[in-house]
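Novice: Mind having a look at this structure? Questions to follow.
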Amino acid sequence: MPRQKIDNLVFELTEACNQRCRFCYNYWRDGSSPIPAPDPRLCRRTLRKLLSQVSVGTISFSGGEPMTMPNVTDLALMCRFKGCGVNLLTNGTLLTEDHIRNFKEIGIGAIQIPLLSADPAVHDYLTCLTGSWEKAVKALRAVTALNPGHAYAVLVMTKVNAPGIPDTLELLADCGVRGVMVNRFNLGGQGLLHRDELVLDRAGLRQAFADVDAFAATHSGMRFTSGVCTPMCLIMPSEFRHIQFTFCSTDFNRRPVAVNFRGDVRFCNHSPKVLGNIYQRNISDILADPAATEYYNAVPEHCRDCRFLHPCNGGCRAASEQVYGTFAAIDPVLD
């Protein structure tokens, strides 16, 4: 019997990270409990279990910081032997040239690294790790030099770094980066503790996207994507023609589900709600559960009669789960 196919899946190798980013959305980084150290054996066993249950088109290694996992190259090779594409979502501070060469040999796809500002002090302030800017820039330059076309930058736009967006984009162009994720700060995890400091108001968010759009208009060799779904009553994509906006689907067949190193399955890597565990049930059965479908098909009352409900879907409602404890509420960015 053929295994179910999942086109995109985020696999969280560990909850550990060497940074404590003020904007981090990981639900376990809310300060309520200590973060466990990486567990390479459990991670490998869980990944093997996952790949025995389902066929995955592309698997993105995330965390925490995936490069804290000592056997990350072996894990990537396991996926490649199973025919999966592999992406790496890393902060870049632990990424070496040897890693990059090995990943190139394995056939790793995108290597995604956040660069938050052209000003080292601003980047390091947001990551809470002195020297992280220098290492992130070095990593981006190394990927573009050793494996051209595979470096992708992430710019998380907050009140702290938004004024410097044009300079940050110039630096990314100078690094040779051709793909940039321009994500608004999305509430969750550690970010809940810094909400007032980081959340851009409507005017500030519009200006941030306008700055990106203006830069993109004069840099046709670079691609800009907004990877955090934003309510269309707040940001209308048609006003920013040089940025590709993405929106979440509640259909598990059309979205990247998240699985962590323990085998917990979640709607996405922003959602805290565990739907089941692959050691107890096959992931296909977990995703096909009518209770999960009903839960995620809930429509916020605020959005019910909106003509933009599809594809908007009320913005990022995984953020609503973290803030309000329910998927049936609209994105808290509107508060």
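Novice: For the range 40-58, give me the residue count where each residue is over 15 Å from the mean Cα position of the chain (by Cα) and open to solvent by less than 60 Å² (accessible area, probe 1.4 Å).
Specialist: Residues meeting the conditions: 12.
Novice: Here's a follow-up. Looking only at residues in the range 1-30 that are closer than 15 Å to Phe267 by Cβ and hydroxyl-bearing (Ser, Thr, Tyr), which one is most open to solvent (accessible area, probe 1.4 Å)?
Specialist: Tyr25
Novice: Let me ask something else. Which is part of a strand (DSSP E or B) and either closer than 30 Å to Gln4 by Cβ or of a type in the set (Lys, Arg) (or both), of Val259, Val299?
Specialist: Among Val259, Val299, only Val259 is part of a strand (DSSP E or B) and either closer than 30 Å to Gln4 by Cβ or of a type in the set (Lys, Arg) (or both).
Novice: Just to be sure, is Gly204 in contact with a Lys or Arg (Cβ under 9 Å, 6 or more places away or on another chain) and closer than 30 Å to Arg41 by Cβ?
Specialist: No; evaluated as a whole, the condition is false for this residue.
Novice: Filter the range 59-68 down to the residues that are among the hydrophobic types (A, V, I, L, M, F, W, C) and open to solvent by less than 10 Å² (accessible area, probe 1.4 Å) and list them by number.
Specialist: Correct list: Ile59, Phe61.
Novice: Just for the range 201-230: of the residues that are assigned to a loop (DSSP other than H, G, I, E, B) and aliphatic (A, V, I, L, M), which one is nearest to Ala162 (Cα to Cα)?
Specialist: Val228
Novice: Return a yes/no flag: does the range 203-224 have any residue that is free of Cβ contacts under 8 Å to residues at least 24 places away in the same chain, within 21 Å of Gly315 (Cβ to Cβ) and open to solvent by 10 Å² or more (accessible area, probe 1.4 Å).
Specialist: yes
To keep it simple, each residue is scored yes or no on (1) surrounded by fewer than 22 Cβ atoms within 10 Å (Cβ to Cβ); (2) touching an Asp or Glu at 6+ places or on another chain (Cβ under 7 Å); (3) touching a residue at least 24 places away in the same chain (Cβ under 8 Å).
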residue	(1), (2), (3)
Glu97	yes, no, yes
Gly107	yes, no, yes
His150	yes, no, yes
Ile165	no, yes, yes
Asn186	no, no, yes
Glu197	yes, no, yes
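Novice: Also: Within the set of pairs 6+ apart or on separate chains, which have a first residue in the range 47-58 that is closer than 17 Å to Gly276 by Cβ, a second that is of a type in the set (S, T, N, Q), and C-beta atoms under 7 Å apart?
Specialist: Going by the 7 Å Cβ cut-off, the qualifying pairs are Gln53/Asn282; Gln53/Ser284; Val54/Gln4; Val54/Ser284.
Novice: If you scan the range 281-335, which residues turn out to be of a type in the set (Lys, Arg) and closer than 15 Å to Thr250 by Cα?
Specialist: Once the filter is applied, which keeps residues that are of a type in the set (Lys, Arg) and closer than 15 Å to Thr250 by Cα, the range 281-335 yields only Arg317.
Novice: Go through the range 252-280 and report how many residues are touching a Ser or Thr at 6+ places or on another chain (Cβ under 9 Å), open to solvent by 50 Å² or more (accessible area, probe 1.4 Å) and more than 18 Å from Met181 (Cβ to Cβ).
Specialist: 2
Novice: Follow-up question, since we're still on this one. Out of all the residues in the range 76-95, which are in a helix (DSSP H, G or I) and surrounded by 19 or more Cβ atoms within 10 Å (Cβ to Cβ)?
Specialist: Once the filter is applied, which keeps residues that are in a helix (DSSP H, G or I) and surrounded by 19 or more Cβ atoms within 10 Å (Cβ to Cβ), the range 76-95 yields Ala76, Cys79.
Novice: Only one residue in Thr93, Thr73 is among the polar types (S, T, N, Q), touching a Leu at 6+ places or on another chain (Cβ under 9 Å) and at negative phi, so which one is that?
Specialist: Being among the polar types (S, T, N, Q), touching a Leu at 6+ places or on another chain (Cβ under 9 Å) and at negative phi holds for just one of Thr93, Thr73, which is Thr93.
The values are calculated or read from the model by the stated rules, or taken from the named source; none is laboratory data. Treat the numbers as computed from the prediction; the structure is a model and nothing was measured. Cβ atoms come from the backbone with ideal geometry, glycine included; neighbour counts cover every protein chain shown. The protein model used for the area step is the full one, side chains on, heavy atoms only, and it has no ligands, DNA or RNA in it. Shrake-Rupley method; radii C 1.70, N 1.55, O 1.52, S 1.80 Å.
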